[in-house]
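Input: a single structure, listed below in structure tokens.
The values are calculated or read from the model by the stated rules, or taken from the named source; none is laboratory data. Source: prediction; values computed, not measured. So basically every Cβ, Gly included, is an ideal-geometry build from the backbone, and we count neighbours across all protein chains shown.
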Amino acid sequence: MWLNMIVASTILSTAMQIDWNSILTLIFWALFFLYFFTDLPQKAQFMRYERGVFLRLAVIEGLVKESIAKVKSYLARLGLANADKIIDSSLENYFAIEPVSIEPTDIIKRLDHIISTNEDKFKRDLERFAQNIDRDRLNNIAASLAVTSALYTVFKILRHYYLLGKKFENWILMMQLYLLLPQLIKELMPYVKAVETFVKGVPIGDSAGPIVAFKLAGLAPRIDIEEDTVYSVVEIEGRKVYVVKARGPGATVGKPGKAVAKIAEMLNCNVARIITVDAALKLEGEPTGLVAEGSGAAIGDVGPEKIEIERTAVKCGAPLDAVIIKMSSEEAIKPISKEIVDGTEKAYQVVLDIIRNRTKPGDNVIVVGIGNTVGVY
């Protein structure tokens with residue numbers, strides 16, 4: 001009897017082992033077939049990526065709404081009853097179409113005309129909405145709206161590609177968005193804080209150039225020369241230095257290139273040197289506030305203002321120096337940090353050194369502080 005039970009148990013165990021082996025083999029071949037001969041893995045990946053992109057787009061949309069709320073609150077504090085109309089208008093109505101580039105003749109003039117037309121339209125409409133607001137506050141409103149509009153535009157573009165990928169079940173496009181969005185979110189978050197910074201009129205990292213100009217000009221009178229652009233004349237060890245910057249303390253970058261051209265024309269091109277000072281994007285691993293010196297026009301312009309400085313330097317035969325204060329893109333739009341303030345002092349000393357050692361008494365020198373002059377007189 002015991003022998004029969006042992007035999008039966010052995011047979012049963014063998015049968016179960018055979019069944020499990022068969023089941024595992026069946027599962028393996030089923031998975032093999034599904035993985036290599038169907039698109040189910042891609043569909044699963046697509047669903048995962050689509051969900052991830054959707055959630056991250058919601059974060060960016062939240063940043064846009066937060067930015068709009070801050071601008072609306074600022075406009076309400078200024079007593080503007082039509083805040084919604086101002087914001088809606090700035091988000092959708094102002095864009096510039098690039099000029100034809102296949103024919104490069106006078107492309108810079110055409111580009112400058114388009115940019116100026118768009119800016120003028122925006123400022124005129126803003127002045128109409130915000131009457132009895134002084135120029136500096138108007139510039140702060142314009143800068144806040146520009147930041148909000150940039151955030152909104154980025155969100156619309158990302159949403160477009162998300163919906164496009166979802167519509168055509170393009171999992172490669174969805175995967176690219178899924179991998180790109182975390183970095184974009186980190187880069188966009190400071191823009192929301194930048195709105196509050198412009199509202200308060202606090203200097204930002206990009207104000208480094210105007211701060212150096214302020215150090216040079218001191219309390220010398222500011223003379224209007226171009227729209228939202230001023231210059232001061234100071235004497236440094238026998239040299240007459242024309243210091244150009246945007247007119248503060250409102251948030252504006254002015255038109256430094258045109259100002260340089262006008263000053264050179266006023267001096268009959270008797271210019272010994274042109275020095276530009278600006279914030280510059282640092283590489284990862286480089287310290288914030290690092291000051292470097294080179295040649296050329298240090299200005300982050302799309303073309304018109306930069307080429308004005310370059311053409312003036314060539315026309316007058318004036319060497320063109322560039323002094324830059326390095327920072328990250330995030331630090332450029334955040335309230336200015338101690339490292340950048342220290343960098344402006346170093347840049348100021350570099351500019352003084354250039355004036356002392358590369359020009360002689362009696363020379364005319366133009367120094368241009370490039371950047372947003374918010375909070376800097």
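Numbers for the structure displayed
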read-out: Selection from region 158-168 of residues that are of a type in the set (A, V, I, L, M, F, W, C), loosely packed, with under 12 Cβ neighbours inside 10 Å and modelled with pLDDT of 95 or more; value: 163
read-out: Condition check for residue 199: out of contact with any Lys or Arg (no Cβ under 9 Å at 6 or more places or on another chain) and touching a residue at least 24 places away in the same chain (Cβ under 8 Å); value: no
read-out: Near pairs, Cβ below 8 angstrom, 6+ apart or cross-chain, from region 260-285 (assigned by TED's automatic domain parsing to the domain that holds residue 364 and without any contact (Cβ under 8 Å) to a residue 40 or more places away in the chain) to any residue that is of a type in the set (A, V, I, L, M, F, W, C) and buried (at least 19 other Cβ atoms within 10 Å of the Cβ); value: 262/225
read-out: Of the criteria (1) in the same structural domain as residue 218 (by TED's automatic domain parsing); (2) within 30 Å of residue 137 (Cα to Cα); (3) touching a residue at least 24 places away in the same chain (Cβ under 8 Å), which one residue 363 fails; value: (2)
read-out: Test result for residue 208, small (Gly, Ala, Ser), crowded, with 22+ Cβ neighbours inside 10 Å and over 19 Å from residue 298 (Cβ atoms); value: no
read-out: Criterion (surrounded by 23 or more Cβ atoms within 10 Å (Cβ to Cβ), in contact with a helix residue (DSSP H, G or I) (Cβ under 7 Å, 6 or more places away or on another chain) and outside any strand (DSSP E or B)) met by exactly one of 274, 309; value: 309
read-out: Given (1) at pLDDT 85 or above; (2) out of contact with any Gly (no Cβ under 7 Å at 6 or more places or on another chain); (3) surrounded by 11 or more Cβ atoms within 10 Å (Cβ to Cβ), number of the condition residue 108 does not satisfy; value: (2)
read-out: Positions within region 316-353 being of a type in the set (D, E, K, R), touching a residue at least 60 places away in the same chain (Cβ under 8 Å) and in a helix (DSSP H, G or I), in sequence order; value: 330, 331, 345
read-out: For residue 285: the one exception among (1) out of contact with any Ser or Thr (no Cβ under 9 Å at 6 or more places or on another chain); (2) in a helix (DSSP H, G or I); value: (2)
read-out: Some residue of region 222-235 being touching an Asp or Glu at 6+ places or on another chain (Cβ under 7 Å), under 26 Å from residue 77 (Cβ atoms) and modelled with pLDDT of 95 or more; value: no
read-out: The one condition in (1) in contact with a Gly (Cβ under 8 Å, 6 or more places away or on another chain); (2) at positive phi that residue 307 fails to fulfil; value: (2)
read-out: Some residue of region 169-188 being under 14 Å from the mean Cα position of the chain (by Cα) and buried (at least 18 other Cβ atoms within 10 Å of the Cβ); value: yes
read-out: Enumeration of residues in region 251-262 that are over 20 Å from residue 204 (Cα atoms) and in contact with a strand residue (DSSP E or B) (Cβ under 7 Å, 6 or more places away or on another chain); value: 258, 259, 260, 262
read-out: Residues being outside any helix (DSSP H, G or I) and without any contact (Cβ under 8 Å) to a residue 40 or more places away in the chain - total across region 58-94; value: 3
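Results for (1) under 16 Å from residue 364 (Cβ atoms); (2) in contact with a strand residue (DSSP E or B) (Cβ under 8 Å, 6 or more places away or on another chain); (3) not aromatic (Phe, Trp, Tyr), shown as yes or no for each residue.
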position: 218; (1), (2), (3): no, yes, yes
position: 223; (1), (2), (3): yes, yes, yes
position: 231; (1), (2), (3): yes, yes, no
position: 235; (1), (2), (3): yes, yes, yes
position: 249; (1), (2), (3): no, no, yes
